[in-house]
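Just below is one structure, and these are the notes that go with it.
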Amino acid sequence: MDDDKEWRNRIEQKLDKMTEAITSLARVEERMAHCLEEQGRQHDRLNGHAKRLRRLEETGVVVSGIGRIVWLAVAAVVGGLFALFFKKVG
């Protein structure tokens, strides 16, 4: 009888340990799923930032080109005014 009781106790202890292990595995799985979701969100945010950065760079190129054209026009006007001034003076 005592042997049978010891055997049952050992089995119960082993079942308790297995239950704890399975519970721990479930928690780890939940954490991993959460981490993967978070990683996906961060990936999406990073892609969004990259797109915005590309748009800003493209806008910067356009603004830079417009700035050059404006400076060329200003230089032409100033050059024309100097030429006109020296024709009248000279």
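The values are calculated or read from the model by the stated rules, or taken from the named source; none is laboratory data. Keep in mind that what you see is a predicted model, and the values were worked out from it rather than measured. Heads up, the Cβs are rebuilt from the backbone with ideal geometry, glycines too, and the neighbour counts pull from every protein chain shown.
For (1) among the small types (Gly, Ala, Ser); (2) part of a helix (DSSP H, G or I); (3) modelled with pLDDT of 95 or more, each residue gets a yes or a no:
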residue: ASP3; (1), (2), (3): no, yes, no
residue: LEU15; (1), (2), (3): no, yes, yes
residue: ALA21; (1), (2), (3): yes, yes, yes
residue: ALA33; (1), (2), (3): yes, yes, yes
residue: LEU36; (1), (2), (3): no, yes, yes
Exercise. Given LYS14, LYS5, LYS88, which one is surrounded by 10 or more Cβ atoms within 10 Å (Cβ to Cβ) and of a type in the set (D, E, K, R)?
Worked result: LYS14
